[in-house]
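Just so you know, all these numbers are worked out from the coordinates, no wet-lab data involved. Small disclaimer: the values here were computed from a predicted structure and weren't measured. Cβ coordinates were reconstructed from backbone atoms using ideal geometry, including for glycine residues, and neighbour counts include every protein chain displayed.
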Amino acid sequence: MEAGTVSTSHTISVTVNGTTYEREVEARKLLIHFIRDDLDLTGSHIGCDTGNCGACSVIVDGILTKSCMMLAVQADGSSIETVEGLAEGDELTKLQQAFSANHALQCGYCTPGMLMSATALLRANPHPSEDEIKKGLQGNICRCTGYWNIFEAVKAASE
Amino acid sequence: MLLREVAYARPASLAEAVGLLAANDGARALAGGQTLVNVMKARAGSPDALIDLSRITELKGIDLAADGTLEIGAMTTYTELAESSEARARPILGEVCGQIADVQVRNRGTIGGNICTNDPTNHLPPLLAALGAEMTIHGAGGDRTVGAHDFFLGVYMTAVGPGELLTRIRVPAGRADGFAAVTLGVEGTCIVSAAASINGSLKVALGCVDAVPVVLEPSSEDEAAVRDAVASAGLDPPSDVHASSEYRSHLAQVLAVRAVAQAAKNRS
């Protein structure tokens, strides 16, 4: 169905990490389920499924988004970046290396969302203050680290 | 979570959107979705169809007129408003939008969605009521413009009727404004909020103490006068897990005083 027609399923075209996918999706499918189940990109996690925890954060057309708070059909025509798109092969980004070096993860469940939020933050503001880092990661919950090492990692990546 | 089956369309124009809303029983407008998608997950609401407003250019943009009046498209996101150079003409708007929820929600949530939801815990209904904003509503019969008093009708209820859409929010010039709230978490939803504006006369709007923003006109900016205005407003706020009715009444006074103090400071 075309986007302007009222229908319970639509054919959408979405570019994820540079690869374009065309799929028919039910209108009720959340973007996170499309990414994980239809595209088999399971790096983005579902934590709370209520828009609070940020584990599902992805970047949609340059805009940091919780993908459990958006329908897949809304992403038609969009370019999406997920955590799988950060590293170039085995070459981790400076931010990913900083997460490793600063022990910015324990169980790792929140890490994909943290990395996407911090990536969006550093693009908009390459040298954030500590307050700006905290504000930039406000939408992401971590239940292991107490956040401190995550802030340190983002700071290290910005230097 | 799997939502109940729902139809979807993404019209390209306002006329098309209003036509689809009128033609489909049980259709609801989808703005930023930062409330509605959760409402659908919780089955608190189950629209039969969603009319996505995200690609309608008539609902976007912020215009600043020569006299300082701002015209804000209903689909403007909190982030767009907070970063807009035009919106700095009324600094409180960006300041408050910058403290709603978190980056991701601010990136997608819209000013129109916030006030059309009219959840009493939302930041913008009392703020726009205090600023004297006017809302333009578009339907099959054309446009009509209403003030906050006629726009906010009840919890989750506004003057936007079936088959209609909020299109623009007009905010008059001014800068002597203030906002104070006690929230759930640092930038969560409000337990009680207060907005104040000194634009000729002083206006205070309280949020979360009634179904709609309670607008008061204290006799002066003095703390005693502001407290007295709130105390004699006959408030009977609801009690819930976050605050008792008595505590909300107490907060309403405290926050009104803080909002008025900020407004007075911003005047100079």
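Sorted by mean Cβ packing within 10 Å, highest first, what order do the peptides B:164-176, A:90-102 take? Write down the numbers at each step before the final one.
On the way: B:164-176: 20.7, A:90-102: 15.7.
Final packing ranking: B:164-176, A:90-102.
Mind ranking B:84-92, A:105-113 by how tightly packed they are, going by the mean number of other C-beta atoms within 10 angstrom, highest first?
Details: B:84-92: 17.9, A:105-113: 19.4.
Per-residue Cβ counts within 10 Å, averaged per peptide and sorted highest first, yield A:105-113, B:84-92.
Per residue of B:104-115, how many C-beta atoms from partner chains lie within 10 Å of its own C-beta, taken as a mean?
Shielding by partners across B:104-115 averages 4.
With an 8 Å cut-off on Cα pairs and a minimum separation of 6 or more residues, tell me the relative contact order of segment A:16-71 in percent. All intermediate terms of the calculation are to be shown ahead of the outcome.
On the way: 60 pairs, mean separation 18.5, N = 56.
Worked out over segment A:16-71, it gives 33 percent.
Let me know the Kirkwood hydrodynamic radius for segment A:81-127, please, with Cα pairs as the basis and the value in Å to one decimal. Intermediate results must be reported in sequence, preceding the final value.
On the way: mean 1/r = 0.0901 Å⁻¹.
For segment A:81-127, inverting the mean 1/r across all distinct Cα pairs yields 11.1 Å.
Report the calculated FRET efficiency for A:Thr20 and B:Asp67 (r = Cβ-Cβ distance, R0 = 56 Å), to the nearest 0.05. Working shown, then result.
Values: r = 48 Å, r/R0 = 0.85.
E(calc), rounded to 0.05, equals 0.70.
Classify the protein assembly as shown from the C-alpha gyration tensor, please: rounded if a/c falls under 1.5, else prolate or oblate depending on whether a/b exceeds b/c. Intermediate results must be reported in sequence, preceding the final value.
Numbers: a/c = 1.89, a/b = 1.29, b/c = 1.46.
Judged from the Cα gyration tensor, the protein assembly as shown comes out oblate (a/c at least 1.5, b/c at or above a/b).
Test of understanding: in a Gaussian network model of chain B with alpha carbons linked when under 10 Å, which of B:Lys203, B:Lys60, B:Lys41 would top the mean-square fluctuation ranking?
Taking springs between Cα atoms under 10 Å, the residue moving most is B:Lys41.
Counting alpha carbon pairs within less than 8 Å and at least 6 residues apart, what relative contact order, in whole percent, applies to chain A?
It comes to 23 percent, rounded to a whole number.
Could you compute the net charge surrounding A:Gly113? Neighbours are other residues with a C-beta less than 14 Å from the C-beta of A:Gly113; K and R count +1, D and E count -1.
Net of charged neighbours comes to -1.
What whole-number volume per residue, in cubic angstrom, does the convex hull of the C-alpha atoms of segment A:9-85 give? Walk me through the intermediate numbers first.
Details: hull volume 5.5 nm³, N = 77.
Dividing the Cα hull volume of segment A:9-85 by its residues yields 72 Å³.
Count charges around B:Ile100 for me, please; just the other residues with Cβ under 9 Å from its Cβ, Lys/Arg as +1, Asp/Glu as -1. The partial results should precede the final answer.
Numbers: positive: B:Arg106; negative: B:Asp102, B:Glu187.
My count for the surroundings of B:Ile100 gives -1.
Tell me which residues come under 5 Å, amide H to amide H, from A:Tyr21 once H is placed; ignore anything under 5 positions away on its chain.
So A:Tyr21 has HN proximity to A:Val14, A:Thr15, A:Val16.
Net charge around B:Pro238, counting only other residues with Cβ within less than 10 Å of its Cβ (Lys, Arg = +1; Asp, Glu = -1)?
Working: positive: B:Arg248; negative: B:Asp210, B:Asp236, B:Asp240.
Charge balance near B:Pro238 sits at -2.
Taking 41 Å as R0, compute the FRET efficiency from the Cβ-Cβ separation of B:Ser54 and A:Ala101 and round it to 0.05.
Working: r = 40 Å, r/R0 = 0.97.
In this case the efficiency is close to 0.55.
Antiparallel versus total DSSP beta bridges in chain B: what percent is that, nearest 5?
Values: 38 of 45 bridges.
Given both bridge residues lie in chain B, the antiparallel proportion sits at roughly 85 percent.
Which of rounded, prolate, oblate describes segment B:1-160, given a ≥ b ≥ c as roots of the alpha-carbon gyration tensor eigenvalues and a/c under 1.5 marking rounded, otherwise prolate only if a/b is larger than b/c? Mind dumping the intermediate values first?
On the way: a/c = 1.63, a/b = 1.36, b/c = 1.19.
Note, shape of segment B:1-160 comes out prolate.
Cβ neighbours within 10 Å, averaged per peptide: list A:68-74, B:135-141, B:235-241 in order, most packed at the top.
Numbers: A:68-74: 26.6, B:135-141: 17.0, B:235-241: 13.1.
Answer by packing, highest mean first, reads A:68-74, B:135-141, B:235-241.
To the nearest whole percent, what portion of all C-alpha pairs in segment B:1-60 is separated by more than 16 angstrom?
41 percent
Rank A:Thr65, A:Cys53, A:Thr82 by how far each Cα sits towards the positive end of the charge dipole of segment A:21-89 (+1 on Lys, Arg Cβ; -1 on Asp, Glu Cβ) and give me just the farthest.
Comparing the listed Cα positions along the dipole, A:Cys53 ranks first.
Using a basic spin-label model with each label point 7 Å from the Cα along Cα→Cβ, how many nm lie between A:Asp37 and A:Thr93?
Going from the A:Asp37 label point to the A:Thr93 one covers 2.8 nm.
To make sure I understand the rule: partners must be lysines, Cα under 24 Å from the Cα of B:Lys265, and not fewer than 8 residues away in the same chain. Which ones qualify?
Excluding near neighbours in sequence, the set is B:Lys203.
Which value in deg cm²/dmol, rounded to the nearest 500, describes the helix-derived mean residue ellipticity at 222 nm for the protein assembly as shown, given -39,500 (n - 2.57) per DSSP H run of n ≥ 4 and division by the residue count?
On the way: 14 runs with 125 residues, N = 427.
It lands at -8000 deg cm²/dmol.
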